[in-house]
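What follows is a single structure, written as structure tokens, with notes after it.
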Amino acid sequence: MSAEYNYEKWRIGKGSELSGTDYLRYRFWEILPGAFSWGTIIGAVAASWLVPVYAAIFIIAFDVFWLLKTAYLSLHLKENWKRIKEHMKTSWVDKLVHFKYDHIYHMIMLPFYKEGEDIIEKTLLSLLESKYNHKKFIIVLAGEERAGEGPSEIAQKMKKKYGKKFGYFVVTVHPDGIEGELAGKGSNIAYAADRARIEVLDKKKIPYEDVLVSAFDIDTIVYDQYFACLTWMYLASEKPDRTSFQPVPVFNNNIFEAPAVSRVVAYSGTFWQMVQQERQKRLATFSSHSVPFSTLYEVGYWQSNMVSEDSRIFWNCYMKYDGDYLVTPMSYPVSMDANLAPSFWQTMKNIYKQQQRWSYGVENFAYIMFNFSKNKNISRWEKFKIFLINLDGYWSLATNPILIFILGWMPIMLGGREFNTTMLSFSLPYITRDIMMITMSNLVLSSMVAVSLMPSVPEEGKPPRKFYHIIQWLLVPLTITIFGAIPAIDAQTRLMFGKYLGFWVTPKHRGSSE
């Protein structure tokens with residue numbers, strides 16, 4: 001490591017942890033994404049009032065841009081869909097015979113808070129059904145002291161019931177109130193991973209480089225060849241200690257029980273991850289992911305003082321190794337729960353809060369740019385590309401749906417009588433409508449992919465259900481605005497004003513099929 005950059009010193013969570021010029025610099029980068037998004041929205045409204053002709057031309061041009069961008073992303077979605085189907089058909093167990101792999105262990109992190117016993121048990125059973133030597137599994141069931149005695153009792157019950165079926169089964173309880181920590185998944189699994197290191201790896205003298213760590217949500221269900229696929233990709237990697245591994249998260253455990261809005265939002269998240277897997281330079285770790293333990297140990301585990309630890313671990317590694325780090329897309333799925341609560345309105349509230357938490361990944365932007373200012377070992381061109389990619393991503397999420405589905409009418413509403421007598425004013429609604437209709441035709445592919453990713457549908461009511469799962473995509477203009485742009489700009493605005501979010505645990509609920 002070059003003396004001019006100390007990774008450990010700048011492994012920080014937010015600007016308030018700094019002082020002096022470092023504080024001002026970090027706060028600038030925290031403010032920039034939200035300021036850029038709000039500037040776009042306010043500028044579009046002001047232009048519709050002051051210069052409606054130019055605003056209308058901009059809106060038409062932007063709609064055309066959105067059409068081309070959607071078509072481009074659809075091509076990536078289609079390619080990854082084909083790749084997933086190919087990888088699901090592949091016998092990864094057979095492919096592994098070309099490698100020596102008996103020395104590889106899988107440490108599986110399963111953090112939980114107050115989830116029910118049935119959810120935890122179903123996850124453990126899916127691990128036992130996987131086609132891999134279960135004696136090479138190190139299960140780490142990581143509870144929280146702040147959750148009370150109930151979860152700890154469930155964890156011990158699971159260990160008693162299933163412990164001997166795995167190589168090792170570790171139960172940890174993350175202490176509450178540790179100074180400098182943010183209560184949440186990151187602090188929990190960081191603590192649990194270190195306990196597992198002490199209790200298993202060091203005691204049994206298992207080399208750190210022989211262990212792959214998979215950080216899962218407690219509702220993560222693996223497909224039977226997931227660990228065979230992961231092991232093959234690790235062993236086939238050119239630099240196995242310089243890459244994380246990212247499956248495709250598919251939120252379909254309870255997909256038939258969730259309302260249509262929840263399904264569309266859930267699949268939209270899956271589709272975005274599929275698109276990103278075709279653009280490796282833009283890919284960061286998200287939700288369930290895997291990383292070599294040796295690498296994880298060197299970077300100090302997941303950050304325990306922030307919300308978006310799942311993506312931050314990639315940037316931690318990227319900074320630690322001066323840009324010599326990437327994410328390997330697995331194009332292989334894992335299943336998780338779609339948002340579902342006992343009532344419809346509570347489900348809508350939970351969807352919003354989950355999207356707000358995911359959008360709060362914008363906190364990584366300040367970390368990236370601040371560390372770029374300290375690290376002279378990464379090229380300026382590389383820094384500039386990452387700056388543009390990240391700023392565009394956060395800006396697009398917060399503004400594009402609003403520009404398309406809400407502000408497109410602003411020149412007509414605010415442009416005044418003179419503008420409203422022009423041919424452009426008369427044509428604007430029809431032009432934008434036609435462009436959006438063509439754009440929405442890409443949803444045909446989305447519905448096809450969504451249906452293909454669904455688990456088996458119960459025989460009763462099969463035809464109407466499938467039809468229902470196709471027409472639900474008409475909700476997209478609503479969902480990407482209310483559950484995409486609005487929580488994104490909410491998260492960016494909170495970060496702008498230093499109103500830092502805490503970690504919100506998504507409640508897990510599974511009801512009866514609809």
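Rundown of residues vs (1) β-branched (Val, Ile, Thr); (2) in contact with a Phe, Trp or Tyr (Cβ under 6 Å, 6 or more places away or on another chain), yes/no style:
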position	(1), (2)
VAL213	yes, yes
TYR234	no, no
PRO240	no, yes
THR243	yes, no
ASN253	no, no
VAL265	yes, yes
PHE271	no, no
MET274	no, no
ARG282	no, no
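Quick test for you: out of LYS114, LYS122, LYS160, pick the one residue that is out of contact with any strand residue (DSSP E or B) (no Cβ under 8 Å at 6 or more places or on another chain) and touching a residue at least 12 places away in the same chain (Cβ under 8 Å).
Exactly one residue qualifies, and that residue is LYS114.
Go through segment 102-129 and give me each residue that's modelled with pLDDT under 95 and hydroxyl-bearing (Ser, Thr, Tyr).
Of everything in segment 102-129, just one residue is modelled with pLDDT under 95 and hydroxyl-bearing (Ser, Thr, Tyr), namely TYR113.
Look through segment 1-22, keep the residues that are part of a helix (DSSP H, G or I) and in contact with a helix residue (DSSP H, G or I) (Cβ under 6 Å, 6 or more places away or on another chain), and return whichever of them is farthest from ALA183 (Cα to Cα). Walk me through how you get there before you give the answer.
First, the residues of segment 1-22 that are part of a helix (DSSP H, G or I): 8-10, 15-17, 20-22.
Next, only the ones that are in contact with a helix residue (DSSP H, G or I) (Cβ under 6 Å, 6 or more places away or on another chain) stay: 10, 15.
Numbers: TRP10: 21, GLY15: 18 Å.
Only one residue tops the list, namely TRP10.
Which of the residues that make up segment 186-199 are among the β-branched types (Val, Ile, Thr) and surrounded by fewer than 21 Cβ atoms within 10 Å (Cβ to Cβ)?
Kept after step one, since they are among the β-branched types (Val, Ile, Thr), are these residues of segment 186-199: 189, 198.
Passing the criteria: only ILE198.
Within segment 374-411, which residues are more than 29 Å from the chain's Cα centre (by Cα) and free of Cβ contacts under 8 Å to residues at least 40 places away in the same chain?
Answer for segment 374-411, where residues must be more than 29 Å from the chain's Cα centre (by Cα) and free of Cβ contacts under 8 Å to residues at least 40 places away in the same chain: just TRP409.
Can you tell me how many residues in segment 250-289 are out of contact with any helix residue (DSSP H, G or I) (no Cβ under 6 Å at 6 or more places or on another chain) and assigned to a strand (DSSP E or B)?
1
Could you list, ordered by first residue, the pairs with Cβ atoms under 8 Å in which the first is in segment 434-447 and part of a helix (DSSP H, G or I) and the second is of a type in the set (D, E, K, R), at least 6 apart or interchain?
ILE435/ASP63; MET436/ASP63; THR439/ASP63; LEU445/LYS78
In segment 259-277, which residues are over 11 Å from the mean Cα position of the chain (by Cα) and more than 17 Å from SER452 (Cα to Cα)?
Listed by number, the residues that qualify are PRO259, VAL261, SER262, GLN277.
In segment 210-240, what residues are more than 16 Å from TYR301 (Cβ to Cβ) and either among the small types (Gly, Ala, Ser) or surrounded by fewer than 19 Cβ atoms within 10 Å (Cβ to Cβ) (or both)? Walk me through how you get there before you give the answer.
In the first step, residues of segment 210-240 are kept if they are more than 16 Å from TYR301 (Cβ to Cβ); the result is 210, 217-240.
Correct list: ASP210, ASP224, ALA228, LEU235, ALA236, SER237, GLU238, LYS239, PRO240.
Assigned to a helix (DSSP H, G or I) and over 21 Å from ASN80 (Cβ atoms), is that true of LEU212?
Numbers: assigned to a helix (DSSP H, G or I): no; over 21 Å from ASN80 (Cβ atoms): yes.
Against the criterion (assigned to a helix (DSSP H, G or I) and over 21 Å from ASN80 (Cβ atoms)), LEU212 does not qualify.
Scan segment 327-341 and tell me whether some residue there is outside any helix (DSSP H, G or I) and over 16 Å from the mean Cα position of the chain (by Cα). Walk me through it before giving the result.
Step one: filter segment 327-341 for residues outside any helix (DSSP H, G or I), giving 327-341.
Of the ones still in play, those that are also over 16 Å from the mean Cα position of the chain (by Cα) are 340-341.
Taking every residue of segment 327-341 in turn, at least one turns out to be outside any helix (DSSP H, G or I) and over 16 Å from the mean Cα position of the chain (by Cα).
So, in segment 425-459, of the ones that are buried (at least 18 other Cβ atoms within 10 Å of the Cβ) and over 30 Å from ARG263 (Cα atoms), which residue ends up farthest from the chain's Cα centre (by Cα)?
Here the answer is SER425.
Restricting to segment 405-428, count the residues that are acidic (Asp, Glu) and at pLDDT below 80.
Restricting attention to segment 405-428, the residues satisfying the condition of being acidic (Asp, Glu) are 418.
Next cut, at pLDDT below 80 only: none.
Selection size over segment 405-428: 0.
Considering only residues that are assigned to a helix (DSSP H, G or I) and either crowded, with 20+ Cβ neighbours inside 10 Å or of a type in the set (Asp, Glu) (or both), which ones fall in segment 401-418?
So the first thing to find is which residues in segment 401-418 are assigned to a helix (DSSP H, G or I), and the list is 401-405, 407-414, 416-418.
PRO401, ILE402, LEU403, ILE404, LEU407, GLY408, MET410, PRO411, GLU418 - these are the residues of segment 401-418 that are assigned to a helix (DSSP H, G or I) and either crowded, with 20+ Cβ neighbours inside 10 Å or of a type in the set (Asp, Glu) (or both).
Out of the residues in segment 486-506 that are at pLDDT below 95 and in contact with a helix residue (DSSP H, G or I) (Cβ under 6 Å, 6 or more places away or on another chain), which is farthest from SER308 (Cα to Cα)?
THR506
Select, from ASN339, ASN350, the only residue that is surrounded by fewer than 20 Cβ atoms within 10 Å (Cβ to Cβ) and either among the β-branched types (Val, Ile, Thr) or in contact with a Pro (Cβ under 9 Å, 6 or more places away or on another chain) (or both).
Numbers: ASN339 fails: surrounded by fewer than 20 Cβ atoms within 10 Å (Cβ to Cβ).
It is ASN350.
Search segment 105-129 for residues being in a loop (DSSP other than H, G, I, E, B) and in contact with a Lys or Arg (Cβ under 8 Å, 6 or more places away or on another chain), and hand back the single one that is surrounded by the fewest Cβ atoms within 10 Å (Cβ to Cβ). Give the derivation first.
Just the residues of segment 105-129 that are in a loop (DSSP other than H, G, I, E, B), to begin with: 112-116, 129.
Still in the list and also in contact with a Lys or Arg (Cβ under 8 Å, 6 or more places away or on another chain): 115-116.
Working: GLU115: 23, GLY116: 16.
This residue is GLY116.
The values are calculated or read from the model by the stated rules, or taken from the named source; none is laboratory data. Here the structure is a predicted model, which means the values were calculated and not measured. Note that each Cβ is placed from the backbone with ideal geometry, even for glycine, and that neighbours are counted across all protein chains shown.
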